[in-house]
Amino acid sequence: MVLLLSAWPAHAQELEPRAYSNLPVGLNFAVVAYAYSEGGLATDPSLPLEDAHLRIHTTALAFSHSLDLRGSSGRFDLILPISDLSGTALFAGEPVSRDISGLNDPRLRLAVNFRGAPAGDLKAYAKYMAQPPRTVFGASLQVIPPLGQYDPARLINLGTNRWAFKPDIGFSRRVKSFTWDMTLGAAFMTKNDNFFGGKHVQQDPIYTTQFNVSYDFDKGIWAAFGATYYMGGRTTVDGVEKDNELGNSRMGLTVAFPFNRHYSLKFNVSTGISTRTGTNFDTYGMALQYRWGGGL
């Protein structure tokens, strides 16, 4: 979950290894995370800004629960981020600056592994892991309501003042100590009818693909490398189309260290590879996770 937390502002751009791995039913995860992002625009790709350089400190609380969804394993996630943002940019050739702290748009997600990962308790999960590797197929829907701090008199905000929906589908495959996974997804945004002085902004869907490979070391330590490419997202402001369609890619690294069956610590870093417009930023994050339930 740490990469999902650390890339909260750019909801079509996060890297999340092992998104469709199997879990025992009834597990709960509580996460406290911190992330630092710096560089090009990392809040909202639809903003008509140039030469943006923002610094964002984010602290987030998250909860996840594994479910039995008609015999298939799944999970529900809730993420509540709070950020401190500062930085500068150019708007219509004029310099603008912003310094703000507050609540970001929260996230809710429901995911299900509809093939290859049957629901079961901890004992059933142990038997599942002892069997020959399977390919797991899954899907999820993420909903981002417009509850973050927003001021229409400002260009840069922590909230987006619009709903966002992000469905995706993917698979994972465990081969000895390696786990390979790939996802395809899209982000659909509603119209913002109160953008910077009452303007109306509509953004085209953003389409994404992501690939991760992770390796299991001894004592439960694992590391993952991933890359993502996202495109689309052209915006229309008061009926005028902008030349700001995305065609960007990012890569990232995650390392997880479990202390015991309940606690683990994760670190991650991600950076841009190529950028057509906006969102060229670096992110560094860490998360402390506590898990309980499910027979642990």
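What the table shows:
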read-out	value
Phi to ³J(HN,Hα) by Karplus 6.51 cos²θ - 1.76 cosθ + 1.60 over region 250-266, Hz, x for Gly, Pro	9, 9, x, 10, 10, 10, 10, 10, x, 7, 7, 5, 9, 10, 8, 10, 10
Between region 137-193 and region 199-250, the Cα center-to-center distance that results, in Å	9
Max mean-square fluctuation residue, GNM over the chain, Cα-Cα springs under 10 Å, options S97, S270, S21	S97
Region 121-271 - Kirkwood radius from inverse mean 1/r over Cα pairs (Å)	18.5
When each of K191/K242; K166/K199; K127/K266; K123/K166; K219/K266 is checked by Cα-Cα distance, pairs over 22 Å	K166/K199; K127/K266; K123/K166
Where only alpha carbons of region 159-200 are counted, the Rg and the Dmax (Å)	17.9, 56
Protection-proxy order for peptides 155-163, 64-72, 255-263, each taking the mean of Cβ atoms within 10 Å per residue, highest first	155-163, 64-72, 255-263
Listed peptides 235-246, 26-37 by packing density, highest first (mean Cβ within 10 Å)	26-37, 235-246
Taking region 2-293 and dividing mean pair separation by its residue count, relative contact order in percent (alpha carbons under 8 Å, at least six apart)	19
Helical contribution to [θ] at 222 nm, DSSP H n ≥ 4, -39,500 (n - 2.57), averaged over the chain, rounded to 500	-1000 deg cm²/dmol
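Values in this text are rule-based calculations from the coordinates and carry no lab data. Remember, predicted model here, so these are calculated numbers, not experimental data. Note that each Cβ is placed from the backbone with ideal geometry, even for glycine, and that neighbours are counted across all protein chains shown.
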